[in-house]
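The values are calculated or read from the model by the stated rules, or taken from the named source; none is laboratory data. As the structure is a prediction and not an experimental result, all values here were calculated from the model. A quick note on method: Cβ atoms are made from the backbone with ideal geometry, for glycine too, and the neighbour counts reach across all protein chains shown. When the accessible area is computed, the model is the full protein with side chains, heavy atoms only, and any ligands, DNA or RNA have been set aside. Shrake-Rupley method; radii C 1.70, N 1.55, O 1.52, S 1.80 Å.
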Amino acid sequence: MVIRRMSRTFVVVAAALALSLVGSLASAAVAGRQLLFSNHAYGVFDRETADAVEHSAYLRTFANFQVRTTTGAGGSKWTGRYLMGRETYLEVFGVGDLPGQDGTIGRAGLAVSAERAGDLPTVLNRLREQGITDPVVFRQTRDFGDGVPVPWFDGVFTSAQYDAFGAWGMEYRPEYFADPRSKTEPAAFPGDVGRERYLSDDYEKHLLRDVTGIRIAITERDLANTVPLLRAGGFVPHPVAGGGIVAQRGGTTIRLDVAPREEVGLRQVDMSLNRAVAHRHEERLGRSTLAVGPGPRAVWTFDPRR
């Protein structure tokens, strides 16, 4: 999924939800426990790359691959190309697939999500402890085609202002898991709102298992908005040479490099495979290259040139 603050296509929740996010559940958190984990990332690319991804026969073998249009809050719609893993996934958009400026080349986003019900309130409290006094709290819905929105997840941004990249924390709603149209799995434990439950087991029929690394070029302002969220979720950001951070925890390495506005965008995705492959296979997809193997790894790199 993709969330767009500028277009306000999500529904900002009223006082009842805000109160629930700072309620007594926060006190149940275990100090130091990671609360948010990498869920998915997305990027907006040139039309050549997006079309090559959409029509690739190889990707349909490599991954649980889907092309679909989703209807979110307020009737907002977006069409994406999805590579689904066990716990994580990747979205590829082309120019114009998202409305307004969010559909321009170089836009990107990152979602980090809770595995246990009630952890998002603790994240919100941790943000306030870091001085984020006015986080943007919202509820996203999904329409399965009958015009009746179903609560999908609760989320939080650190700020309503951004340049070209947005990171948000999220927690899936019990109403979504309870709806049979979601095709989600039964809970593995009480309060299970995790990524593995949300995604299907169709990944087992393909090579792609999960996203293990994400590298995105973003502006200084977008980095400043993102670091508090990662810290609140339990990631440990470390500075890197040239500007930016690397955050390693929870099975995914997130690297955010500071770049001028005209050079931002998703640059690289590292992936684990369900099985090792003996030889390297290279697939050129528009202005990107997917290198699979040798071994149980794949790397997808995207050309930064406009």
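Worth pointing out:
- Charge dipole magnitude, Cβ of K and R +1, D and E -1 - region 75-151, Cα centre, debye nearest 20: 40
- Acute angle (nearest 10 degrees) that the helix 220-233 long axis makes with the longest principal axis of the chain, alpha-carbon atoms: 60
- Of all accessible heavy-atom area on the chain, the percent that carbon and sulfur account for (1.4 Å): 53
- The listed residues F189, F153, F37, once ranked by accessible area (1.4 Å probe) with the largest placed first, stand as F189, F37, F153.
- Summed side-chain charge close to G94 - residues other than G94 whose Cβ falls under 9 Å, Lys, Arg +1, Asp, Glu -1: -3
- For the chain, the longest principal axis of the C-alpha atoms and the axis of helix 119-129 are separated by about 80°.
- Per residue solvent-accessible surface (Å²) - region 179-292, probe of 1.4 Å: 46
- Charge dipole of the chain about the Cα centre (unit charges at C-beta), most positive-ward option of I245, T70, N274: I245
- Three-way shape label, the chain, alpha-carbon gyration tensor, a/c 1.5: rounded
- Restricting region 99-207 to trypsin sites (Lys or Arg not before Pro) that sit in a DSSP loop and have at most 11 other Cβ atoms within 10 Å of their own Cβ leaves K183.
- Spatial separation of Cα centroids for region 115-188 and region 31-59, in angstrom: 18
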